[in-house]
Structures are given as C-alpha cells and as structure tokens.
Amino acid sequence: MFTAKDVAELRARTGAGMMDCKKALTESNGDFEKATTWLREKGIAAASKKQGRIASEGVVGSYIHMGGKIGVLVEVNCETDFVARTDAFNTLVKDIAMQIAAANPKYVSRDEVPAEVLEKEKEILRAQALNEGKPAAIVDKMVEGRVVKFYKDFCLLDQEFVKDSSKTIQAVLTEATATIGEKISIRRFTRYEMGEGLEKRQDNLAEEVAKQMQ
C-alpha cells in the first residue's frame with residue numbers, strides 16, 4: 001500500500017515522527033494529502049502554524065558528560081515563561097544538550113552554514129566523484145546528494161535523534177511544539193570537549209554519550 005520511502009517523504013514534508021507518518025498513511029490508504037490532513041487533525045502537523053510566532057522566553061540548558069570530559073550549553077526558546085518552567089520543556093532541553101554532546105553538530109540549521117564552507121565542501125565532493133570515475137553529467141546530482149549527508153552530519157536540526165533514530169531533531173521540535181502548544185526553537189549552542197585541539201590519546205567521547213542516552 002505504501003513504502004518506507006513514502007513514510008520518509010511524508011516525514012520530511014510534515015516534520016512528524018516516523019511512527020505517526022506510518023499510522024497516517026495506513027489510515028489514509030497511502031494517500032499523501034489525506035495523510036497530511038490526518039496529521040493536522042491530530043495536531044501533529046499543526047506545529048507549522050506556530051512557526052511565525054515570537055519565541056523569546058526559554059532556558060539555557062547544560063549537560064556535562066561524566067568526568068567533565070564534554071560540556072554543552074544550549075539556548076532553547078519558547079513563547080512564555082510558564083512553559084519554560086515546565087518539566088516537559090526542560091526534559092526536551094536536556095535531551096537536546098545531550099544530543100549536541102553525542103553528535104557534535106557544528107551549526108543549528110542549514111542556514112547557518114557559511115557560504116564559503118558549503119562551496120568548499122561541494123568542491124571536495126565534486127573532486128571525489130570525478131576521481132571515482134563518475135560521468136561528469138551526473139556529478140552535480142551526486143554532489144547535491146552528498147551535501148544532504150553533510151547537513152545530516154553537521155546541522156543539529158537535520159541530525160537523527162540519538163534516542164530515536166526514526167526522528168530528526170527538527171521532528172522532535174515539531175512534535176514538542178504540537179504537544180506543548182507553543183513555538184519552540186533552538187537559538188544557539190556551545191560544545192566543549194576536554195583537551196580539544198591538544199595532542200592526546202583519542203577516545204570516542206561522543207560514542208560514550210550516545211550509549212548513555214539509549
């Protein structure tokens with residue numbers, strides 16, 4: 001009736017979670033428009049309507065990895081101070097801080113990637129594709145596909161949620177917005193790793209954090 005690709009496409013279109021998208025497609029017999037409507041009716045896709053609101057309240061959350069090896073500060077915004085004090089919101093902030101510790105993103109969103117960084121990455125990816133002997137006619141398409149992988153690796157909102165790989169962080173925010181009823185956004189973060197930049201034995205600290213979150 002529908003495929004995993006259909007579920008992924010609906011998730012990308014609505015920002016809803018994987019299981020919600022599967023249920024929506026099941027309920028609508030694979031019809032995308034009906035599935036989108038079903039998600040809106042359930043309030044899952046309604047979060048998009050709140051994106052134009054101003055979110056100027058919130059908290060600066062922190063996470064310190066055991067032994068003080070990794071530290072994260074992240075500012076997550078909502079619309080009211082009331083929501084900023086709720087357990088649900090603060091749990092979300094903690095999850096985001098732990099995500100940053102585990103996955104080590106460089107930017108919050110694609111928009112934050114400097115143009116010169118993106119162009120340099122494209123040059124490298126294009127050279128790789130040509131060195132692999134790929135036809136010049138399809139190299140650009142390959143580069144665009146690999147740029148998406150770059151975003152998934154380095155942009156927080158595009159990353160898979162460490163606690164549930166069926167969701168991106170953007171989907172987690174969308175679901176939280178629908179559940180809490182206010183616009184929620186991530187403004188900025190800072191991640192410190194002990195000894196970063198110094199010559200030392202390499203430990204996979206991000207992997208340790210990821211294991212703790214599961």
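The values are calculated or read from the model by the stated rules, or taken from the named source; none is laboratory data. Remember, predicted model here, so these are calculated numbers, not experimental data. Cβ coordinates were reconstructed from backbone atoms using ideal geometry, including for glycine residues, and neighbour counts include every protein chain displayed.
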Do we find a residue being of a type in the set (Lys, Arg), assigned by TED's automatic domain parsing to the domain that holds Glu207, out of contact with any His (no Cβ under 9 Å at 6 or more places or on another chain) and at negative phi anywhere in the range 113-123? no
If you go through the range 147-159, how many residues are touching a helix residue (DSSP H, G or I) at 6+ places or on another chain (Cβ under 7 Å) and surrounded by fewer than 16 Cβ atoms within 10 Å (Cβ to Cβ)? 1
Scanning the range 167-211 for residues that are surrounded by 13 or more Cβ atoms within 10 Å (Cβ to Cβ), among the polar types (S, T, N, Q) and modelled with pLDDT under 90 gives Thr174, Thr177, Thr179
So is Glu196 assigned to a loop (DSSP other than H, G, I, E, B) and either more than 12 Å from the chain's Cα centre (by Cα) or of a type outside the set (A, V, I, L, M, F, W, C) (or both) or not? yes
Helices (runs of 4 or more DSSP H) fully within the range 71-187 counting 3 or more residues that are over 12 Å from the mean Cα position of the chain (by Cα) and under 23 Å from Ala4 (Cβ atoms): 136-154
